[in-house]
Amino acid sequence: MKSKTFLTAVLIIFGLPSHALAARPTPFATTNQNPLVTIYGLPAADSSEVLPAQATEVQLRSDIANSCSISSAKDEGILLDGETYRSRLRLKHGIGHNLEIGMELPYISHSGGFLDRLIDNWHESFGFPEGERNSLERDQLNYHYTKTTTRIDLHQREAGFGDVSLTGGWQLEGTETTALTLRASLKLPTGEAEKLTGSGGSDLAIWFSGSHSTSGHNLTGFAALGGLLMSEGDVLTKQQNRAVAFGTLGASWQAYRQLALKAQFDGHTAFYHNSTLRELGESVQLIIGGSLDISDKSSLDLAVSEDIYVDSAPDVNFHLALRVLFQ
């Protein structure tokens, strides 16, 4: 009862609906794709309810992030120019009563990419500012950071499997109108820090994911809040923070029977200290798109994210996620 009252209060405070929808919306399964952030175990908000017992869900997620930012201050400077592709296979399985376990395997690639010309043409057509793009060559890879000495220098294509995560969920509440789940993930150091496909350390994330809907079954608000604890990694070790807070706030509108339009804000505190650069600090991004029900057991998410706190996340990230449920 207390958890329901707390969640309802949070949603009301942020101006979200206070009634409910039978079908649970699923937040976009993407996070900040900054190449110096994706190496850690920052989780996506995830669903506010777990799978039924003996049900299995397979998810294929893909993100294409284009970064172009240059910053400097005092004794440090950073250049993030390139594209990062992150594909993930996730398996979830319902066990017993209100319990769920799963795992996620990512494959990460850093390259010069192909989106620079498209983004430049988009900016030119609508009169948007180009920022640093005019001063850089198109489709190059240069992830570079210095603080007195060079600490990151990646300018040739790198690819490989990232850090595997083990996941779990325990549903605390599930009614026709409200759902609340306690989730956790443990990221293991299976990637390679020198390729920026892993951090070199293990991370533990714990968070709450909840949703609440209107009685008209058209509008749903969802939220998530949690923390990430990290062991010492091999990337900017002396500057790495050992704890980060993160959260999600969003809404879903059932525009048509099979189509839901969604928007969400994602944010987190800084992964690094001893820096005044936004690329290494806290982040807020806006993610907008939709979810299409292909069948009663499969759906497809398409979304795009923007760094509304400029330079704290990639300029643009394209997200795709396919979910298939087996019962």
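The values are calculated or read from the model by the stated rules, or taken from the named source; none is laboratory data. Bear in mind the structure is a predicted one, so any value in this text is a computation, not a measurement. Backbone-built Cβ (ideal geometry, glycine too); neighbour counts: all protein chains shown. Heavy atoms of the whole protein, side chains included, go into the accessibility calculation; ligands, DNA and RNA do not. Shrake-Rupley method; radii C 1.70, N 1.55, O 1.52, S 1.80 Å.
Quick notes
- Residues satisfying the stated conditions in the stretch 43-72, i.e. polar (S, T, N, Q) and closer than 30 Å to residue 145 by Cα: 62, 66, 67, 69, 71, 72
- Taking the criterion of being out of contact with any helix residue (DSSP H, G or I) (no Cβ under 7 Å at 6 or more places or on another chain) and small (Gly, Ala, Ser), the residues of the stretch 147-166 that qualify are 159, 162, 165.
- Residue 313 being touching a strand residue (DSSP E or B) at 6+ places or on another chain (Cβ under 9 Å), surrounded by 14 or more Cβ atoms within 10 Å (Cβ to Cβ) and not in a strand (DSSP E or B): yes
- Selection of the stretch 185-225 for residues being open to solvent by less than 10 Å² (accessible area, probe 1.4 Å), hydroxyl-bearing (Ser, Thr, Tyr) and either free of Cβ contacts under 8 Å to residues at least 12 places away in the same chain or assigned to a loop (DSSP other than H, G, I, E, B) (or both) yields 197, 199.
- Scope the stretch 132-182; condition assigned to a loop (DSSP other than H, G, I, E, B) and within 16 Å of residue 71 (Cα to Cα); matching residues: 136, 148
- Filter result (among the basic types (Lys, Arg), over 17 Å from residue 38 (Cβ atoms) and either open to solvent by less than 50 Å² (accessible area, probe 1.4 Å) or without any contact (Cβ under 8 Å) to a residue 60 or more places away in the chain (or both)) within the stretch 57-96: 92
- Test: residue in the stretch 249-257 that is among the hydroxyl-bearing types (Ser, Thr, Tyr), open to solvent by 20 Å² or more (accessible area, probe 1.4 Å), touching a Ser or Thr at 6+ places or on another chain (Cβ under 6 Å) and within 28 Å of residue 181 (Cβ to Cβ): no
- Residue in the stretch 97-115 that is closer than 21 Å to residue 77 by Cβ, surrounded by fewer than 16 Cβ atoms within 10 Å (Cβ to Cβ), out of contact with any Phe, Trp or Tyr (no Cβ under 7 Å at 6 or more places or on another chain) and at pLDDT 85 or above present: no
- Residues (over 19 Å from residue 34 (Cβ atoms), in contact (Cβ under 8 Å) with a residue 12 or more places away in the chain and more than 22 Å from the chain's Cα centre (by Cα)) located in the stretch 140-176: 148, 156, 172, 173, 174, 175, 176
- If the condition is being without any contact (Cβ under 8 Å) to a residue 24 or more places away in the chain, more than 22 Å from residue 33 (Cβ to Cβ) and outside any loop (DSSP other than H, G, I, E, B), then the stretch 295-310 contributes only 295.
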